[in-house]
Amino acid sequence: MEKTLSIIKPDAVERNLVGQILSIFEKNSLKIYSIKKIKLSKKMAEDFYFVHKNRPFFNDLCTYMSSSPVVVSVLEGDNAVAKNREIMGATNPKDAAKGTIRNLYGISLDKNSVHGSDSKENAKIEIDFFFKE
Ligand code: IDP
Ligand code: MG
């Protein structure tokens, strides 16, 4: 079964939206295979978002992601990677389709409530990043 990595970001954890967001995954046939709440260090955030290291928003993104706890989970299901991206909605909540997580809960481009792997290849790397034994 396909797996993907999800992060419920600080803005959503702070607003007690963890249960509502997990419930959206479950309603869409994604199973919560593993889950944990952690506070990322700045270094961990920088390592996780390494692909964006040359983007102008990299430092702000890593500062934000390490500002307060996040909930990291592995979601499992048919087409889990693509399905999670669909359920999340577009990166900017302003552009996110109605009923998607970012449409319902996102505050801004940076405080957009969730992260989701963007390919099967990256899902494997991201799952290993947080859950490798
Ligand atoms: P994604 O989360 O939809 O995959 P990415 O392009 O991978 O979007 O960007 C990673 C994260 O960086 C986004 O979720 C968002 O929080 C933040 N981000 C992306 N573009 C910008 C920007 O132009 N300004 C500020 N933050 C941004
Ligand atoms: Mg991305």
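Read-outs: derived from the displayed coordinates by stated rules, not from any lab. As the structure is a prediction and not an experimental result, all values here were calculated from the model. Don't worry about glycine lacking a Cβ; one is built from the backbone with ideal geometry, like all the others, and counts go over all protein chains shown.
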- prompt: Rounded to whole Å and sorted largest first, what semi-axes of the equivalent ellipsoid does the C-alpha gyration tensor of segment 55-115 yield via the square root of 5 times each eigenvalue?
  reply: 21, 15, 10
field: Straight-distance crosslink candidates among aspartates and glutamates, where the alpha carbon sits under 16 Å from Lys120 and sequence neighbours closer than 8 are dropped
entry: Glu2, Glu76, Asp78, Glu86, Asp128
task: Would you please put 57-63, 37-43 in order of how densely packed they are, using the mean number of other Cβ atoms within 10 angstrom per residue and starting with the highest?
output: 57-63, 37-43
- request: Just need the relative contact order of segment 54-116 here, percent rounded to a whole number, with Cα pairs under 8 Å and 6+ apart.
  value: 22 percent
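What pairs from Lys43/Lys124; Lys37/Lys98; Lys3/Lys98; Lys9/Lys43; Lys27/Lys98 go past 23 Å between their alpha carbons? Please report the intermediate quantities before stating the final value.
Numbers: Lys43/Lys124 20 Å; Lys37/Lys98 28 Å; Lys3/Lys98 25 Å; Lys9/Lys43 16 Å; Lys27/Lys98 16 Å.
Violating the 23 Å Cα-Cα cut-off are Lys37/Lys98; Lys3/Lys98.
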- prompt: Once a ≥ b ≥ c are taken as the square roots of the eigenvalues of the Cα gyration tensor of the chain, is the result rounded (a/c under 1.5), prolate (a/b larger than b/c) or oblate (a/b not larger than b/c)?
  reply: rounded
message: Ranking request for peptides 21-31, 102-112: highest mean number of other beta-carbon atoms within 10 Å first, then the rest in descending order.
response: 102-112, 21-31
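Counting only helical runs of four or more DSSP H residues, what would the 222 nm mean residue ellipticity of the chain come to if each run contributes -39,500 (n - 2.57) and the total is spread over all its residues? Each step should come with its number before you reach the end.
Working: 7 runs with 56 residues, N = 133.
After summing the helix terms and dividing by the residues of the chain, the value is -11500 deg cm²/dmol.
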